[in-house]
Structure formats: structure tokens, C-alpha cells
Amino acid sequence: MLRSAILAAARSNRVERLVESAPVSRSIVRRFIAGEHADDALACTRDLVADGLAVTIDFLGEDTTNPQQAEATRDEYIKLLDALHAAELTPAAEVSLKLSALGQVFDEKLAYEHARAICAKATEAGTTVTLDAEDHTTTDSTLEVLARLRADFPTTGAVVQSYLRRTEADCRELAVSGSRVRLCKGAYNEPESVAYQRRLDVDKSYVRCLNVLMSGAGHPMIATHDPRLVAIGEDRAKWFDRTPDEFEFQMLYGVRPDEQRRLAELGYTVRVYLPYGTQWYAYMMRRLAERPANLAFFARALRSKG
Ligand SMILES: Cc1cc2nc3c(=O)[nH]c(=O)nc-3n(C[C@H](O)[C@H](O)[C@H](O)COP(=O)(O)OP(=O)(O)OC[C@H]3O[C@@H](n4cnc5c(N)ncnc54)[C@H](O)[C@@H]3O)c2cc1C
């Protein structure tokens, strides 16, 4: 109930204006976000890599409504990839991108072409790209764009969401040689017709999808902070005899950082999803929806600064 309300607010321009104009201390947002500029992401990446972690960087922004904005997003990624390469942070750092930020909503072809330019730059920079999963109305389009990109850039990563009823079947399609697949639970407000609603059903689906990916020929990327699912991931890696370079764990910047380091110290590849940019509102709201304790923390900060 609370989760749905927060996720609905994540799509409201009115609430966005209210939250963004509230005098929330930057340190709250900074808990989950590197900062507003590419330099902030670079500095954060350097620290994470020095700690033995891998990184995937997301330039914040989604639901782009005009071609100029889509082009600006493409250019930002290209600049970022040049900077990562110059700083010798590739291949430890890759990038994650949302097709909706590249114009998917109004022109899928344009989004594909921008994504293609970013993939070409990533290859030149010695790294790769993962296409984030967004709400279920975009899943078919995103998987189609992914398939086209993979024809030229085979390491382009997919993301699947275990809350969607279709995902186990998608995993079977994607669990092929060389295929990088991030498995997450899913962060959007989805109807019953397409998505499991009960936490337990989402978790059970996660395990079924994990089994498909870990027993397949691709490179699974286990994206969760859930201790039970992390333990099952470790177990399946042993069962299917996967070496640490044949799968990875992924977690969000600012969420369970001690666990990220613990897993890295055990020798696993752990990739941290690191967002930056000024458009932090929708991302922040999804993080709040995931954990009511974060909401209390956020509300306290709003009150004390207001
Ligand atoms: C690397 C990465 C990439 C992702 N990419 C996508 C994507 O492309 N598309 C998409 O829809 N979703 C994406 N997600 C989000 C994902 O779908 C979930 O919404 C999110 O990870 C919370 O689910 P969980 O598996 O961590 O389990 P949960 O059941 O939500 O949480 C398990 C435990 O983890 C801790 N925890 C979880 N979230 C938080 C938080 N925000 N703050 C503090 N503690 C927390 C708590 O201890 C909690 O009890 C991504 C997640 C990760 C880690």
C-alpha cells in the first residue's frame, strides 16, 4: 500500500516540485547518489574501484519527452565514457542506461540509434553498457532494441525483473553464451495482470529465474540486497561450478555497503550501481518505496530542515 503510494508519487510532477524545493540536506540525496556532475561520479568510482568493487554508472533521467533532451543524454554518456577511459577506470566501470532517457517513449528508432552510439563509444573505451529495465509497457521494446544492439555489441547487458510473470521465459531466451543478464526484483508499480504482487511470489520467481540463469551459458548479474537471495546466489554458484569471473553480484550505491565489501573480500565480483545527475527525484522515490525505514529518515530530514 505504502509502496504503491510512493511509486505513484514518483510519477507526479506536483510532488516532484514539492520534494525538490524542500530544503532537504544534500547529504540525504548523497547517500544514494554520487553527485550532480560526471566528475562526482568519477571520484566516487575511483574510491569504489580502489576498494575492490566494480561499478556501473547511471546518468539520472528518464521519460525524456523531446529529441533535444535525448541527444543531450547521449552526449553526456559519450563524455562520461571518454572520461572513464582517460582515468583508466575501464573495464572496472561500465554504464547503465535507460532507453526512456534516450527517447524510447516517442521514437524507438531514435533511442536505438543513441544507444548504438553509446555502445560504440563504450567498446572504444574498453567497457560495456547495460540497458536498465523500466515499467512493463517498455519490456518488449527494450528487449528488441537489446537484440539489435547485441548483433554488433554482444556484451550489451540485459535487465530482467522477477516480479513480472513473463521473466522466467525471458531468462530462458537470454541464458545463452556471452549474454550478460542482470536479475533484479523490479522497482515499478505494476498491475496484477502482469506482475506478482506478493513479496513471497516475487522472491520465488527470483529463485526460479536465478536457477535458469546460473545453469545456463550466459553471465548472470545477481542484483539484490536481500540476504536470503545473496546466500542462494552463492549456493548456486558453487552448485553450477561457476568461477568468480563467470557471474557477479550487484548492489546499489549507498545500500548495504558493508555487505558489498564483505562479498568482494570473499573474492566475488561485486558491481555497485552508481547514479549521478540532477534528476534524482524518481530514482530517490523508488529507493524510498523499497524500504519504509528510508522514508522515515527522509521525512525526519525534511522536517528538521524545513
Ligand atoms: C544493481 C541494481 C540494479 C538495478 N536495476 C534495476 C532496473 O534496471 N530496473 C528495475 O526495475 N529495478 C532495478 N533495481 C532495483 C530492484 O528491482 C529492487 O527494487 C531493489 O534492488 C530492492 O530489491 P532487493 O532485491 O534489494 O530486495 P528487498 O526485498 O527490497 O530488500 C531486501 C533487503 O535489502 C535492504 N534494502 C533493499 N533496498 C534498500 C534500500 N533502498 N535502502 C536500504 N536498504 C535496502 C533491506 O535490508 C531489505 O530488507 C536494481 C537493483 C540493483 C541492486
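Of the strands (runs of 3 or more DSSP E) that lie entirely inside the range 168-284, those containing 2 or more residues that are farther than 23 Å from PHE59 by Cβ and away from the ligand (no atom under 12 Å from the Cβ) span 219-223. Just one of the listed residues (GLU113, GLU88, GLU71, GLU76) is among the acidic types (Asp, Glu) and not in a helix (DSSP H, G or I), namely GLU88.
Being away from the ligand (no atom under 15 Å from the Cβ) and of a type in the set (S, T, N, Q) is a condition met by no residue of the range 99-119. If a residue has to be part of a helix (DSSP H, G or I), open to solvent by 10 Å² or more (accessible area, probe 1.4 Å) and out of contact with any Gly (no Cβ under 9 Å at 6 or more places or on another chain) to count, how many in the range 116-145 make the cut? Going through the range 116-145 one residue at a time, the tally reaches 14.
The values are calculated or read from the model by the stated rules, or taken from the named source; none is laboratory data. Remember, predicted model here, so these are calculated numbers, not experimental data. Cβ: placed from backbone, ideal geometry, glycine included. Neighbour counts: every protein chain shown. These accessible areas exclude ligands, DNA and RNA; they are computed on the full protein's heavy atoms, side chains included. Shrake-Rupley method; radii C 1.70, N 1.55, O 1.52, S 1.80 Å.
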